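**Student:** Can you keep this structure in mind? I'll have questions shortly.
The values are calculated or read from the model by the stated rules, or taken from the named source; none is laboratory data. As the structure is a computational prediction, the values presented were derived from the model and not from experiment. Backbone-built Cβ (ideal geometry, glycine too); neighbour counts: all protein chains shown. These area figures cover heavy atoms from the full protein model, side chains too; ligands, DNA and RNA do not enter into them. Shrake-Rupley method; radii C 1.70, N 1.55, O 1.52, S 1.80 Å.
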Amino acid sequence: MRLQASGVRLGYGDRIIVDGLDLGIEAGTVTTIIGPNGCGKSTLLRALGRLLKPAGGEVLLDGKRIDRIPTREVAKILGVLPQAPVAPEGLTVADLVARGRHPHQTWYRQWSSDDESAVSEALSMTGLLDLADRPLDELSGGQRQRAWISMALAQGTELLLLDEPTTFLDLAHQVEVLELVRRLHAEAGRTIVMVLHDLNLAARYADRLVAMRAGRVVAAGTPHEVLTEALLRDVFDLDAKIISDPVAGTPLVVPIGIRPSP
């Protein structure tokens, strides 16, 4: 496993959100974590990205405890895009993406031609070369998300963690960002872990789904294995029909209604 949580216990202060959770992320896959609000999806992703220290258990990166790997080394392997990231006012796209090169720089090695190439390549991969000098706050929502993903790409990481990368985007921009994610996976073989709310988009763009409820993993596997009518009732309290997506052939959720409380 490229990234693994083993018996992790996670929370904030005295409030425990995840307790005794096990999860493995296979190398070279796109894995999407789904579940109702408050179930611990983002908390788990923060722990996987070393942004939250477990109160118990451990997170392993390439078989080593992530908390024992130097921060700079982790940043060369793993990139994290949190929910609704904020940049200083007036920052240009190129300036933002250049920040992704910080882990590669030291007091004796400043900006180099390698850094310049990495930034240009990241902008090219996300289709933002022509917007490099544009202030970030002048971009559309989809373009801004691509800029943040570009920054993570400029780190040169093989593993990307994206926390709700489609939040606040309209459907066209959601598809734009997720098509980019799939292309990054297909062309560069990156391992990607996302948190998404839209079950149909999750099924279409992920190789594997992880369904959570109340801080535990309820099911993990391919979209066809995980997205069942029984799981939707158990995890989301939702009565729905599952049909085949006429475009992608993936499971398509057709909601019927909320299950009445017992």
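**Student:** Take every Cα-Cα distance within the chain, group them into 5 Å bins from 0 onward, and report for each bin the whole-number percent of pairs it holds.
**Tutor:** 1, 6, 13, 16, 18, 16, 13, 9, 5, 2, 1, 0, 0
**Student:** Sort 204, 15 by heavy-atom solvent-accessible area, probe 1.4 angstrom, most to least.
**Tutor:** Output order, biggest surface exposure first: 15, 204.
**Student:** Once you charge only the Cβ atoms, +1 for Lys and Arg and -1 for Asp and Glu, what is the size of the charge dipole of the stretch 1-139 about its Cα centre, to the nearest 20 debye?
**Tutor:** Dipole size: approximately 700 debye.
**Student:** Another question about this same structure. Which of the lysines could a cross-linker bridge to residue 64, judged by Cα under 25 Å and excluding same-chain residues fewer than eight apart?
**Tutor:** Counting by Cα, and skipping residues close in sequence, residue 64 has these lysines nearby: 41, 53, 76.
**Student:** Taking the Cα centroid of the stretch 116-144 and of the stretch 2-56, what is the distance between the two, rounded to the nearest whole Å?
**Tutor:** Rounded to whole Å, the Cα centres lie 30 Å apart.
**Student:** Could you report the accessible area of residue 16 in Å², rounded to 10, computed with a 1.4 Å probe on the protein chains as they sit in the structure?
**Tutor:** Ignoring ligands and nucleic acids, residue 16 comes out at about 60 Å².
**Student:** With a 1.4 Å probe and all protein chains left in place, how much accessible area per residue does the stretch 143-244 have, in Å²?
**Tutor:** 39
**Student:** Per 0.36 nm of contour for each residue apart, how much would the distance between residue 120 and residue 53 grow if the chain were fully extended, relative to their Cα-Cα spacing?
**Tutor:** Full extension of this stretch gives 20.7 nm more.
**Student:** At 222 nm, what value in deg cm²/dmol follows for the chain if DSSP H runs of at least 4 each add -39500 (n - 2.57) and the sum is divided by all its residues, to the nearest 500?
**Tutor:** -9500 deg cm²/dmol
**Student:** By how many nm would the segment from residue 234 to residue 16 lengthen if fully extended, with 0.36 nm per residue of separation less the alpha-carbon distance?
**Tutor:** 76.3 nm
**Student:** Not counting ligands, DNA or RNA, and with a 1.4 Å probe, what is residue 173's accessible surface area in Å² rounded to the nearest 10?
**Tutor:** 50
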